[in-house]
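Written out below as structure tokens is the structure these notes cover.
Just so it is clear, none of the values below were taken in a lab; they were calculated from the coordinates. Here the structure is a predicted model, which is why all the values come from computation and not from measurement. Neighbour counts run over all protein chains shown; Cβ positions are idealised from the backbone, glycine included.
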Amino acid sequence: MDLYSEITALKGVGEKTQKLLARLGIFTIENLLEYYPKNYDVYEAPVFPEEIQEGKAAAIICTVMTPPSVNHKTRVPAVTLKTRGPGRMLYMTWYNMPYLKNSIKSGETYIFRGTPVNKRGSLTVEQPEIFTPEEYKEKLNSMQPVYPLTEGVSNKLLIRLIGQALDGVDLSREFLPDPVRRKYKLAEYNFALRQIHFPKDWEQMLTARRRLVFDEFFVFALAIQSMKEQTRQVKNHYPMAPASFCDDLIAGLPYQLTGAQMRTWKEIQADMASENVMNRLIQGDVGSGKTVIAALALLQAAQNGFQGCIMAPTEVLARQHYESFVQLFEPFHVRVTLLTGSMTAREKRTAYEKIAAHETDIIVGTHALIQEKAVYDRLALVVTDEQHRFGVRQREFLSGKGETPHVLVMSATPIPRTLAIILYGDLDISVIDELPARRLPVKNCVVGTSYRKSAYRFIEQQVRQGHQVYVICPMVEESEMMEAENVVDYTARLKEALPSDICIEYLHGKQKPKEKNEIMERFGAGQIQVLVSTTVVEVGVNVPNATVMMIEDAQRFGLAQLHQLRGRVGRGDAQSYCIFVNTSDKKSAQERLEVLVKSNDGFFIAGEDLKLRGPGDLFGLKQSGIMEFKIGDIFNDMDLLKEATQTAKALIEKDEQLKLPQHKALRDKLDRYMRTGGDSLVL
Ligand code: ADP
Ligand code: MG
């Protein structure tokens, strides 16, 4: 077994586990070892019951007073027992674990680890972990890794497999060049991998982490650099003359393009007419009007006799673009074709045929499909929307089809320009830093749960005025299934709270694409008034008639993500509102959310988010969807990111193909990354 063996090389990993692990992006031993903990659990010194506080997690040492009793009348069987220790009596309860009845003995002393809560007047710890004093001694003060999980993969399983891999694999081979490791005083790979999973203490973990963050950024930067080398001087095989259609389209819009949109459009036109092929990023906050720019570029390609395609990260978004482009291009007889996963095999075949025969000009779809089987005829322009959803490899893949097409990448990721230059080092950048003029800023409020009733009344009012509403349900970590149930439950309750003539529907990740499309279509057409949803609506959805966004458990989302969600309203002429429901009583949660009330500017919010999280907060909120590296944090680890980027640049300048013998291991690492890692990196 070595680093590159398949995961089935481990004892106890059969086909079933292999499939489950694949869902976490783990295929090889290397993938497994680079599946890092999201946090650590520190087994603290046990305390007596008199020292515990309600709501505060603790390891409690006490003696069991009564034999455990099982209550079968509750929804799931509950095992309950009474314990005693100096000062206080406590209850322990476990749900759905009836077998515990026989393994816990009355009169014995145990350590119960969990959070005491007040249940009908008595302090109860629900679902505590159970240890004998001897067992606990071994764990005391150790840092146990806590991994992100998926259904069927437990933390215990990951700990066991990673332990096994660390013992069984030779990790002494370094892929970082020695001078680099010395210059930045980085720990050995071997040490880093062991300590990140099972750290001796906090300090060792940080040392390990620093090395691994550097690795991740370094390989990423190498990938970017080598892509840049490849695309830099590529000849423009599809030079495009300015197209009259585009001027007509602009003249026919119900609004005027903003100055920033106009400037961006000119930059794109210049690129597409120039000597070299275009590789451009359009960065613009949500609602800044990126779609129409993409439409212009595609239209120009079509009038010049070429094909163009636009890839969206979700099916819902692809359909939305399709419909708006059909409408926009109709006067010019420019043909648009849709290509998504929920289409029947036959529909897909027809689409492929049309593409190959050049019976269509513009192809709109989800990225996998556009890449897979499509054979284009003079594909001159590839647009990707919400680029942070696409990996490095996909970008390269498309550029590699036929003569290199122009590439336009659109992103709402609110990052400072200096960072953008590093992260998108291979692209030229246009910034749309101006919102359409007539737009009324969204009005925001952060409220507690007691406001829910008033919020529902407000929603009703807005619906009566002909508007539409989104309600975002709290996310349920680790289980999409539970998340789905949650949305269904919430919808039922909301239906009771609102008059029955208001049409309320829900949307979640477990629904079939067809179902989702239908709901989104009906919502878009105004047939559904209130849409209860998980964050699947987060990216790009455009229903300008929606004026209210209500977000439950808002404190559990990252600020940047909340900003994206808020971006779903405020897209039309009417005043829009965003209601953040804060269900936590922590002061810090309230403060964080207040940032959103203060500003509607994504760049400002990203900056404030960083300040509030503070550089020490390595395992803070998941910044869902925004620049996710496995372990590196582009904000907190910005210095390392810069160092890694500089190092990568210098190295590529010296040894462009990484052909020198001392760079062999690095070359292999980069190849593996380009082959697979670039996909799991959600940029
Ligand atoms: P995003 O940049 O988030 O992708 P969209 O392209 O979806 O934003 O545009 C949001 C909304 O603003 C759309 O309804 C679009 O028609 C409208 N829009 C775009 N540009 C302008 C403009 N210059 N003036 C007024 N409305 C605009
Ligand atoms: Mg968009």
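Which order do the peptides 109-118, 172-181 come out in when sorted by mean C-beta neighbours inside 10 angstrom, highest first?
Values: 109-118: 18.5, 172-181: 14.4.
Descending packing order for the listed peptides: 109-118, 172-181.
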Amide N proximity, region 122-151 versus E108 label position 7 Å along Cα-to-Cβ, cut-off under 13 Å:
130-136
Taking a threshold of 25 Å on the Cα-Cα distance, which of the pairs K105/K137; K354/K514; K156/K516; K16/K373; K290/K514; K642/K669 fall above it?
K156/K516; K16/K373; K290/K514
Along the charge dipole of the chain, which of G572, I196, F220 sits closest to the positive end, that is, farthest toward it, with unit charges on the beta carbon of Lys, Arg, Asp and Glu (+1, +1, -1, -1)?
I196
Projected label distance in nm at E434 and Y255, using a 7 Å step from Cα toward the beta-carbon:
1.3
On average, how much area does the Cα convex hull of the chain cover when viewed from any direction, in nm²?
32.5
Rounded to 5, the percent of DSSP beta bridges in the chain classed as antiparallel:
40
To the nearest 20 Debye, how big is the dipole of the chain about its Cα centre, given +1 on the beta carbon of each Lys and Arg and -1 on that of each Asp and Glu?
1060
Return the whole-Å distance between the Cα centroid of region 25-72 and the Cα centroid of region 545-605.
33
For the charge dipole of the chain, defined by +1 on Lys and Arg C-beta atoms and -1 on Asp and Glu C-beta atoms about the Cα centroid, which residue among L666, Q233, V375 has the Cα displaced farthest towards the positive pole?
L666
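Starting from the Cα-Cα distance between K664 and E138, subtract it from 0.36 nm times their residue separation and give me the gain in nm to one decimal.
Values: separation 526, 0.36 × 526 = 189.36 nm, distance 4.24 nm.
Full-extension gain reported as 185.1 nm.
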How do the peptides 503-514, 298-309, 9-20 rank, highest first, by the average count of neighbouring beta carbon atoms within 10 Å per residue?
298-309, 503-514, 9-20
Computed over region 1-128, the distribution of all Cα-Cα distances in 10 Å bins, rounded to whole %, is 12, 31, 19, 21, 16, 1
Taking 7 Å along the Cα-to-C-beta vector as the label spot, tell me the T63-D41 distance in nanometres, rounded to one decimal.
2.8
Projected onto the charge dipole of the chain (unit charges on the beta-carbon of Lys, Arg, Asp and Glu, signs +1, +1, -1, -1), the Cα from A554, L157, I422 with the largest positive-side position is that of L157
Given the DSSP H assignment, sum -39500 (n - 2.57) over each helix run of at least 4 residues in the chain and divide by its residue total; what's the result at 222 nm in deg cm²/dmol, nearest 500?
-12000 deg cm²/dmol
Cα gyration tensor category, rounded, prolate or oblate, for region 71-216 with a/c compared to 1.5
prolate
In nm, the gap between the two label points placed 7 Å beyond Cα toward Cβ at N155 and D573 is 5.5
Go ahead and run the numbers for FRET between S584 and R675, Cβ-Cβ distance against an R0 of 45 Å, rounding to 0.05.
0.60
Stretchable slack from R493 to T74, in nm (0.36 nm times residue separation minus alpha-carbon distance)
148.6 nm
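Roughly how big is region 1-111's charge dipole about its Cα centre, with Cβ charges of +1 (Lys, Arg) and -1 (Asp, Glu), in debye to the nearest 20?
Values: 13 positive and 11 negative charges, 155 e Å.
Once rounded to the nearest 20, the dipole reads 740 debye.
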